[in-house]
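Undergrad: One structure, pasted below without further comment.
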Amino acid sequence: MRLAKRTENNPVRAEMSGSPAMISLSDVCKSFVAHGDRVTVLENLSLSVAKGEFLAIVGPSGSGKSTLLNIIAGIEPPSSGTIHYDGKPMRGVSTHVGYLTQHDSLLPWRTVAENIAVPLEIRHVLRHESQAQVSAIVRTVGLSGFERHHPRQLSGGMRKRVMLARTLVYDPETILMDEPFGPLDAQLKTVLQGELLRLWSNSRKTIVFVTHDIVEAITLADRVVVLSSRPGRIKLIEHISLDRPRDVHGVRFLPAFEDHYRRLWDSIEVDVRREASR
Amino acid sequence: MSAPDVAGDLIAEQRVLHGVPQRGRHIWLYRFVLLIVFLAVWQFAAGHLVDPFWTSSPSAIAETLAKWLRSGLLLRHLSVTFEETATGFVIGAFLGIICGTAVGQNEIIARTIDPFVTALYGVPKIALAPLFIMWFGIGLMPKIVLAAISVFFLVFFNTLGGIREVDPKLIEAMRTMGASRWDIQRKVMIPASLPWIFLGFKLGLPYGFVGAVAAEMMASNQGIGFLTQSSAGQFDTAGVFSGLLALMVVTSGLNEALGLLERWIFRWR
């Protein structure tokens, strides 16, 4: 917890003092060619995520938030710039990272328990160990009784939980989450945010959390990074000064919350308005 | 877990499990009535409206079938055709899956061979029968090969389609979990393309049957195709219809069996 509230405007590099960096990107650019035009998605992006930090990324749609996560996961290489993970340069898909994508990537022919067991099967975990781990994580995410259901039989929120369980079950050091609670209703969203914070404070994993919801970002994160609209650049890094553990319901009524909200909204507003009038 | 969520899911599920579509309840009865009416009209027409020499009649066909059944003729010829079709189907389907999966791995290979395979596919398989009879004689072999080729193309195209249609997001998700190529192949590609492969089976089976029977009609001394052909040669219309009926029963039975297997494999849908 930081006592000093720091707001860095237009920083080239921002690091949390104290903890060593888990993920560090320097001068990362990403562009691709679409319909003959060169589109730059991310431009000169430098960012460090400390070990055990909860970092949220917000920005208007099209600001390259998902691309940034893909780059950190090693699914997409950057066009230029470097990424280090735990001090080592990244090569290919990172297996230390659990990636909870925005879209449903459950295997429809497997039951809930079988889906959650996939990463354990890949790691050749023995069957009885894997079963024990799966049933433990099923309880954690509140899916008890649904182990033998197929994804088709579940609601959107429950499928998200299955994906979350599948990401947590193999205990990756770092978790990347791309609008994981996006399509859920407000109540369920708050419940799951609370569960996520509880899980995070028990395990202290490094989390990079992409969202378009400023309230969600402030509620959860240590720092909130604002990306500009395309090409995505870091516009603002806001250190969230709210005490932990946080109450996901009550935190939004604190005066400090309002300050954070106002600063983040000011930063993002111009781009959002431009987006809306397009 | 919020309670309303669970309840909603359970209710939805029960509706699926126990819901009886009101309109479709008597469909089997309707089908039976249609069949009876059709047979009755046929029976009446033969002898009253048209010469039974050309159309035969349900009673004459039943008689011929009963005779064939008693003498064991039907079963002997049927089992020959069945053996040809089944062997050809297994060979064709196996090669179709292997080739489809292999070609599906690589976009360049798939696009390179595409026009050639499509051209080959476009050739009516029956047109190959004389060639195979020339190569393999009049035994079971040319029928098996023809059935296999007919099945192969349908299974091949469907497998290839299935492999290429696999949601890349599923593959990406597997890769971030640390899956190897082999893991992805076994856990995603094959299960995801199974419905397509099965569609290939279902489309291919009747074609395999057609291939076998057609080759029998051209040059053979056994099989249902031969039996039908030789009945026609003797102007035995009842015999021809009996052969056709036997074919119909066998294909329906095989399709039904495939359908059952499919429902069992795709319980998750």
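Read-outs: derived from the displayed coordinates by stated rules, not from any lab. On a predicted model such as this, the values are computed, not experimentally measured, just so you know. Because the Cβ atoms are built from the backbone with ideal geometry, glycine has one as well, and the counts that use them run over all protein chains shown.
Undergrad: Return, for the Cα atoms of region A:42-138, the radius of gyration and Dmax in Å, separated by a comma.
TA: 16.5, 48
Undergrad: From the P(r) of chain A, can you give the percent of Cα pairs sitting at distances over 33 Å?
TA: 22
Undergrad: Per DSSP H run of at least 4 residues, take -39500 (n - 2.57); add these up for chain B, divide by its residues and hand me the 222 nm value, nearest 500 deg cm²/dmol.
TA: The helix-only estimate for chain B comes to -27000 deg cm²/dmol at 222 nm.
Undergrad: On average over all directions, what projected area in square nanometres does region B:94-210 have, based on the convex hull of its Cα atoms?
TA: Approximately 7.9 nm², given one-decimal rounding.
Undergrad: When ranked by the protection proxy of mean other Cβ atoms within 10 Å per residue, highest first, what sequence do the peptides A:48-54, B:160-166 form? Could the numbers behind the result be given before it?
TA: Numbers: A:48-54: 20.9, B:160-166: 19.1.
Per-residue Cβ counts within 10 Å, averaged per peptide and sorted highest first, yield A:48-54, B:160-166.
Undergrad: Neighbouring Cβ atoms within 10 Å as the yardstick, rank B:Thr228, B:Thr159 fewest first.
TA: Arranged by neighbour count, lowest to highest, B:Thr228, B:Thr159 become B:Thr228, B:Thr159.
Undergrad: Just counting partner chain Cβ atoms within 10 Å, what average do the residues of peptide A:146-155 show around their Cβ? Could the numbers behind the result be given before it?
TA: Working: counts 3, 0, 0, 3, 3, 1, 3, 6, 2, 5.
Neighbouring Cβ atoms belonging to other protein chains average 3 per residue here.
Undergrad: Straight-line reach from B:Lys125: which lysines have a Cα under 28 Å away, not including same-chain ones fewer than 8 places off?
TA: Here the lysines satisfying the reach criterion relative to B:Lys125 are B:Lys143, B:Lys202.
Undergrad: Would you mind giving the mean number of other chain beta-carbons within 10 Å of the Cβ of each residue in B:178-188, as a whole number?
TA: Rounded to a whole number, the mean comes out at 3.
Undergrad: Could you work out the helix-only [θ] at 222 nm for chain A, with each DSSP H run of four or more residues adding -39,500 (n - 2.57) and the total divided by the number of residues, to the nearest 500 deg cm²/dmol?
TA: Result for chain A, helices only: -10500 deg cm²/dmol.
Undergrad: Which whole-number value in Å³ per residue fits the convex hull of the alpha carbons of region A:106-172?
TA: Value for region A:106-172: 75 Å³ per residue.
Undergrad: Put +1 on the Cβ of each Lys and Arg and -1 on the Cβ of each Asp and Glu in chain A; which of A:Phe181, A:Pro245, A:His128 then has its Cα farthest toward the positive end of the dipole?
TA: Projecting each Cα onto the dipole axis, the largest value belongs to A:His128.
Undergrad: I'd like the mean, over residues of A:163-169, of how many other protein chain beta carbons sit within 10 Å of each residue's own Cβ.
TA: 1
Undergrad: Let me know the shape class of region A:159-210, please: from the alpha-carbon gyration tensor, a ≥ b ≥ c as square roots of the eigenvalues, rounded when a/c is under 1.5, otherwise prolate if a/b is greater than b/c, or oblate.
TA: prolate
Undergrad: Now for a separate question. Arranged by the count of other C-beta atoms within 10 angstrom, fewest first, what order do B:Lys143, A:Lys88, B:Lys67 take?
TA: Fewest-to-most Cβ neighbours within 10 Å comes out as A:Lys88, B:Lys67, B:Lys143.
Undergrad: Where does helix A:127-140 land angle-wise versus the long Cα axis of chain A, in degrees 0 to 90, nearest 10?
TA: For helix A:127-140, the angle is close to 60 degrees.
Undergrad: Just the projected area, averaged over all directions, of the convex hull on the alpha carbon atoms of the protein assembly as shown: how many nm²?
TA: Value for the protein assembly as shown: 34.6 nm².
Undergrad: Okay, next question. From the P(r) of region A:151-267, could you give the percentage of C-alpha pairs in the tail past 23 Å?
TA: 32
Undergrad: Over 19 Å apart: what share of the alpha carbon pairs of region B:142-269 falls there, rounded to a whole percent?
TA: 61
Undergrad: Further question on the same structure: Determine the percent antiparallel among the DSSP beta bridges restricted to the protein assembly as shown, to the nearest 5.
TA: Taking every DSSP beta bridge with both residues in the protein assembly as shown, the antiparallel ones total about 55 percent.
Undergrad: Filter the cross-link list A:Lys51/A:Lys88; A:Lys30/A:Lys189; A:Lys30/B:Lys187; A:Lys160/A:Lys235 down to pairs whose alpha-carbon distance in this structure exceeds 20 Å.
TA: A:Lys30/A:Lys189; A:Lys30/B:Lys187; A:Lys160/A:Lys235
Undergrad: Mind checking which helices in chain B clear 15 Å along their axis (Cα) and have mean Kyte-Doolittle hydropathy of 0.0 or more, DSSP H runs only? Numbers along the way, then the final one.
TA: Details: long enough: B:3-18 (22 Å, 0.14); B:27-48 (32 Å, 1.63); B:58-71 (20 Å, 0.06); B:73-104 (45 Å, 1.28); B:107-122 (22 Å, 0.73); B:141-165 (35 Å, 1.40); B:190-218 (40 Å, 1.21); B:237-265 (42 Å, 1.15).
Those that clear 15 Å and a mean of 0.0 are B:3-18, B:27-48, B:58-71, B:73-104, B:107-122, B:141-165, B:190-218, B:237-265.
Undergrad: Which aspartates and glutamates, on any chain, are close to B:Lys67 with Cα under 16 Å apart, when same-chain ones fewer than 8 places away are left out?
TA: Counting by Cα, and skipping residues close in sequence, B:Lys67 has these aspartates and glutamates nearby: B:Asp236.
Undergrad: First check a/c for chain B, with a ≥ b ≥ c the square roots of the eigenvalues of its C-alpha gyration tensor; if it is under 1.5, answer rounded, and if not, answer prolate when a/b is larger than b/c or oblate otherwise.
TA: Oblate is the answer for chain B, as a/c is 1.5 or above yet b/c matches or exceeds a/b.
Undergrad: Which shape class, rounded, prolate or oblate, goes with region B:144-214 when its Cα gyration tensor gives a ≥ b ≥ c as root eigenvalues, a/c under 1.5 marks rounded, and past that a/b bigger than b/c marks prolate?
TA: Prolate is the answer for region B:144-214, as a/c is 1.5 or above and a/b outweighs b/c.
Undergrad: Rank these for me by crowding, A:Tyr85, B:Tyr30, A:Tyr99, going from fewest to most other beta carbons within 10 Å.
TA: B:Tyr30, A:Tyr85, A:Tyr99
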